[in-house]
Amino acid sequence: MDTSELTALLTPEGLRLLDETGPIASTDDAARAVSRLRAAGHSPDLVSAVVGQARLRVKAATKFGPFAERMLFTRAGLEQATRLSIAARHAGRFRAAGVARVADLGCGIGGDALGMAGIGIRVHAVDADEVTAAIAAYNLAPFGDAASVTHARAEDVDLNGTDAVWLDPARRTAGHSETLQVSAAEWSPSLEWVFELLKAKPGGVKLGPGFDRAQIPDDLEAQWISADGSTIELVLWSGSLAREGVRRAALVVRGNDAWELTAPADSPDVEVRELGAFVHEPDGAVIRARLIGEVARALDAGMLAPGIAYLTSDAALTSPFVSSFRVREQLPADPRKLAQALRSRGIGTLEIKKRGVDVDPAVLRKKLSLRGDESATLILTRVGSKRLALLADRV
């Protein structure tokens with residue numbers, strides 16, 4: 001969306017037309033909507049904006065639920081936005097720390113600011129991109145004076161009167177649709193500026209989950225977060241928002257439920273042991289936080305192989321921090337022999353998991369030519385130079 005399209009959309013006519021158009025879920029539906037709206041005499045800018053927003057609202061439902069039906073987006077802004085359920089958890093931490101006023105620096109379309117304003121925190125949202133700031137202002141308008149939006153660089157904002165800061169540095173090239181990741185040296189605001197600010201103000205900074213751990217300051221709490229099986233972000237917390245004695249945390253969210261593992265430092269891995277009755281795959285947040293050892297000890301498990309994030313045990317235990325599988329048997333790792341073994345067992349539905357081996361599950365699936373009514377999980381990994389193919393069932 002460019003400025004002319006946004007200008008056309010942010011009018012009573014444009015917003016009414018967007019609501020009347022309703023959801024657009026497919027390319028064919030979009031083409032029909034464009035033809036219909038153009039035939040009705042609407043301008044190209046307005047038609048483009050309305051159809052684009054109607055499609056984005058459908059995609060946004062996975063992050064914002066029913067709220068998406070009354071929000072505006074850019075494609076890039078939606079891709080980078082914090083899902084509302086996670087934003088609510090961030091906001092809850094600010095409230096628990098007694099924070100009443102937050103500066104959201106790099107607010108994007110306003111996902112995290114929505115979470116803060118929604119629980120009564122006064123939030124000043126700031127974005128350096130004019131179109132994105134205007135969209136954030138629209139999305140936050142229902143909160144009245146509790147939420148304000150400014151088009152400005154984070155570095156230029158007066159932080160007097162704010163209790164804490166929330167930062168989401170731009171880690172991609174500028175734009176509202178296709179964007180590319182840039183190196184940390186090109187982030188805006190810079191990482192150096194962000195860390196200096198977090199020394200002066202309590203706050204949090206949202207980063208990608210693969211952020212270089214060597215750059216994490218020792219005085220910040222590092223919290224990796226996964227949602228419904230995907231590791232989505234790393235948040236570094238400072239000041240009163242960082243919990244005493246916690247420097248590593250893995251927050252695992254599934255639906256409305258959440259579990260958290262915390263530690264004062266990285267947890268050393270447990271010893272390697274022979275394959276047992278169960279194999280456990282730690283959640284991505286646990287792996288990123290390097291807390292596999294904490295989970296292993298709770299499950300009375302060992303590492304299946306050095307440096308590979310699979311655990312094994314004989315104890316019939318599991319936890320929210322792992323996916324657990326009961327091992328049926330070990331099969332030949334050779335694709336031809338593996339295919340024969342699976343067919344002889346009537347397995348037609350197969351989940352393929354792999355770590356430590358160079359295998360493309362989609363390519364392998366074609367080679368296996370699965371047939372049958374049974375289902376199972378295939379775990380592919382290695383111990384030293386030996387490949388393992390384990391047939392298992394989810395616990």
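The values are calculated or read from the model by the stated rules, or taken from the named source; none is laboratory data. Only a predicted model underlies this, so the values are computations on that prediction, with no experimental measurement involved. Positions of Cβ are backbone-derived with ideal geometry, glycine not excepted, and every protein chain shown enters the neighbour counts. Only protein heavy atoms, including side chains, enter the accessible area calculation; ligands, DNA and RNA are left aside. Shrake-Rupley method; radii C 1.70, N 1.55, O 1.52, S 1.80 Å.
Within the same chain, lysines fewer than 8 places from LYS59 are excluded, and of the rest, those with a Cα less than 28 Å from its Cα are LYS206, LYS353. If R₀ is 56 angstrom, what is the calculated FRET efficiency for the pair ALA362 and ASN160, using the beta carbon separation as r and rounding to 0.05? After rounding to 0.05, the efficiency reads 0.55. Surface composition of region 217-318: carbon plus sulfur atoms hold 47% of the accessible area, using a 1.4 angstrom probe and ignoring ligands, DNA and RNA. Between the residues VAL246, ALA298, LEU197, the greatest Cα displacement towards the positive end of the dipole of region 192-321, with unit charges on the Cβ of Lys, Arg, Asp and Glu, is found for LEU197. May I ask for the distance between the Cα centers of region 374-395 and region 197-229, given as a whole number of Å? Each part reduced to its Cα centre gives a spacing of 34 Å.
Where both bridge residues fall in region 247-349, DSSP classifies roughly 95% of the beta bridges as antiparallel. Once the 1.4 Å probe is applied to the protein heavy atoms, the chain comes out at 47 Å² accessible per residue. Quick check for you: which residues of region 240-266 have the amide N under 11 Å from the point 7 Å beyond the Cα of ALA200 toward its beta carbon? Flagged as within label range: none. Each Cα pair under 8 Å and six or more residues apart adds its separation to the average, and for region 21-78 the resulting relative contact order is 34 percent.
Between the helical axis of 44-64 and the longest alpha-carbon principal axis of the chain there is an angle of about 40 degrees.
Return the percentage of antiparallel bridges among DSSP beta bridges fully within region 124-257, rounded to the nearest 5 %. List each step's numbers first, then the result.
Details: 15 of 28 bridges.
If we restrict to bridges inside region 124-257, about 55 percent are antiparallel.
Using 1/(1 + (r/R0)^6) with R0 = 22 angstrom and r between the beta carbons of ILE119 and HIS151, what's the FRET efficiency to the nearest 0.05? Once the sixth-power term is evaluated, E becomes 0.30.
The distance between label points at ASN256 and ALA185 comes to 4.9 nm (points 7 Å beyond Cα on the Cα→Cβ vector). With the simple model of a label 7 Å out from the Cα in the direction of the Cβ, GLN330 to GLU192 spans 5.3 nm.
Mean-square fluctuations from a GNM of the chain, with a 10 angstrom spring cutoff on Cα atoms, peak among VAL357, VAL279, VAL252 at VAL357.
For region 1-144, the share of accessible area belonging to carbon and sulfur comes to 54 percent (1.4 Å probe, ligands and nucleic acids excluded). Relative to the longest principal axis of the Cα atoms of the chain, the long axis of helix 191-200 lies at roughly 80 degrees. Between VAL235, VAL363, VAL58, the Gaussian network model of the chain with springs among Cα atoms under 10 angstrom shows the greatest mean-square fluctuation at VAL363.
Taking each pair of distinct Cα atoms in region 131-235 once, what is the resulting Kirkwood hydrodynamic radius in Å? Please list the in-between numbers first.
Working: mean 1/r = 0.0638 Å⁻¹.
Its Kirkwood hydrodynamic radius stands at 15.7 Å.
Angle check, please: helix 84-96 long axis (alpha carbons) against the longest principal axis of the chain (alpha carbons), in degrees 0 to 90, nearest 10. For helix 84-96, the angle is close to 80 degrees.
Among DSSP beta bridges whose residues both lie in the chain, state the antiparallel percentage, nearest 5.
Values: 45 of 76 bridges.
The answer is about 60 percent antiparallel.
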